[in-house]
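**Q** Below are the structure tokens for one structure; questions will follow.
The values are calculated or read from the model by the stated rules, or taken from the named source; none is laboratory data. What you are looking at is a predicted structure, and each value in this text was computed from that prediction instead of being measured. With ideal geometry, Cβ positions are generated from the backbone for all residues, glycine too; neighbour counts draw on all protein chains shown. Each accessible area value is taken on the protein alone, full model and side chains, heavy atoms only, with ligands, DNA and RNA left out. Shrake-Rupley method; radii C 1.70, N 1.55, O 1.52, S 1.80 Å.
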Amino acid sequence: MTDILPQPDCSLKAVCESLEHCCLDQLEEPGSKRVPNTGARLWGRVRSKLLRHKLDPQTVETKNWHTDVIEMNGIKVEFSMKFTSRDMSLKRTPSKKQTGVFGVKISVVTKRERSKVPYIVRQCVEEVEKRGIEEVGIYRISGVATDIQALKAVFDANNKDILLMLSDMDINAIAGTLKLYFRELPEPLLTDRLYPAFMEGIALSDPAAKENCMMHLLRSLPDPNLITFLFLLEHLKRVAEKEPINKMSLHNLATVFGPTLLRPSEVESKAHLTSAADIWSHDVMAQVQVLLYYLQHPPISFAELKRNTLYFSTDV
């Protein structure tokens, strides 16, 4: 039997698909019978098993690893799981060295580069738009973890071979590197300070009041954060324009990026962590809705936002 070793951030679905291909390759021998869709059905069983364990109070409360095995048509998946509390999964560790870009404040990076948008964001976006904008599931499908870590290393080292490496790299790894950059920021792009206000603003029922609030919150962001956010926003809109081909709607993109760009601070997370049910926090839905609001909004100009700053208080 062939072993499949998943990468650290590889999804179980990808592992199942790898196992299926491996098994079917072996079944191609003369006289062997091919069993279709084994990987997809196996993934369904794994997912159901995970959901049952995730909702089991005893599984949630224990800190030990739980091992399970699922078999189907000669394919065996053995996996281990352990519950990690929400405050730990959201923990952000700033980089100890300020020479790289991952884990470094966006204001520090843009000042060092003398740029408005970090180089890593511009290059990843450019590469995705060049050859990945029609890729089915772009930003949703995970890239190979080793490729993403390799890209992270060259961007952190400001290696002169970055552009060559990008041109040869799998597009899902490049998309994954962009997501990782935003996920590892010491503070989310839309900031810890404004997080409660974004949650309150998106919940407003009056359209005019919501518009005023949501635009005012953008004005309140530091310039590097705002410019980068608007740059990413327009990119994601262009990706969504190819939805008939890439299957990535505005809502799908908001679901992928919302919880990455807008997350509660560690203090906020601990304050709201009251039970295991908080794994599925309603905050995540609101985070998605915030990004979706801006994605569905007509084009937002940095210059226009700043002109209107004169008419609003800077306090939130």
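**Q** Quick one: net charge around Ile202, please, counting Lys, Arg +1 and Asp, Glu -1 for every other residue with C-beta under 14 Å from its C-beta.
**A** Values: positive: Lys210; negative: Glu200, Asp206, Glu211, Asp283.
Here the charged neighbours net out to -3.
**Q** So, one more: Could you sort the peptides 112-118, 187-193, 302-308 by per-residue average Cβ neighbour count (10 Å cutoff), highest mean leading? Numbers along the way, then the final one.
**A** Details: 112-118: 15.4, 187-193: 19.1, 302-308: 12.0.
Most protected by this proxy first, the peptides run 187-193, 112-118, 302-308.
**Q** Ok, one more. Show me, for region 290-303, the HN-Hα J-couplings you get by feeding each phi into the Karplus relation (A = 6.51, B = -1.76, C = 1.60, θ = phi - 60°), rounded to Hz, glycine and proline as x.
**A** Listing the rounded values in order: 4, 5, 4, 4, 6, 5, 8, 7, x, x, 10, 9, 4, 4 Hz.
**Q** Just the Cα atoms of region 87-310, one point each, no solvent: what log10 I(q)/I(0) does Debye give at q = 0.16 Å⁻¹?
**A** Ignoring solvent entirely, the Cα scatterers give -1.21.
**Q** Further question on the same structure: For Glu134 paired with Arg122, estimate the spin-label separation in nm (one decimal), with each label point 7 Å from Cα along the Cα-to-Cβ line.
**A** Taking the simple label geometry, Glu134 and Arg122 are separated by 2.8 nm.
**Q** Got a sec to turn the phi values of region 248-260 into Karplus ³J(HN,Hα) couplings, 6.51 cos²θ - 1.76 cosθ + 1.60 with θ = phi - 60°, whole Hz, x for Gly and Pro?
**A** These are the phi-based 3J(HN,Hα) values: 10, 7, 4, 5, 4, 5, 5, 5, 6, 9, x, x, 8 Hz.
**Q** Counting only other residues whose beta carbon sits under 12 Å from that of Ser167, what net charge do I get with K and R as +1, D and E as -1? Could the numbers behind the result be given before it?
**A** On the way: positive: Lys130, Arg131; negative: Glu126, Glu127, Asp161, Asp168, Asp170.
Local net charge: -3.
**Q** Given a 1.4 Å probe and heavy atoms of the protein chains only, how would you sort Tyr119, Tyr181, largest accessible area at the top? Spell out each step's value before the answer.
**A** Details: Tyr119 60, Tyr181 0 Å².
So the residues, ranked largest to smallest area, are Tyr119, Tyr181.
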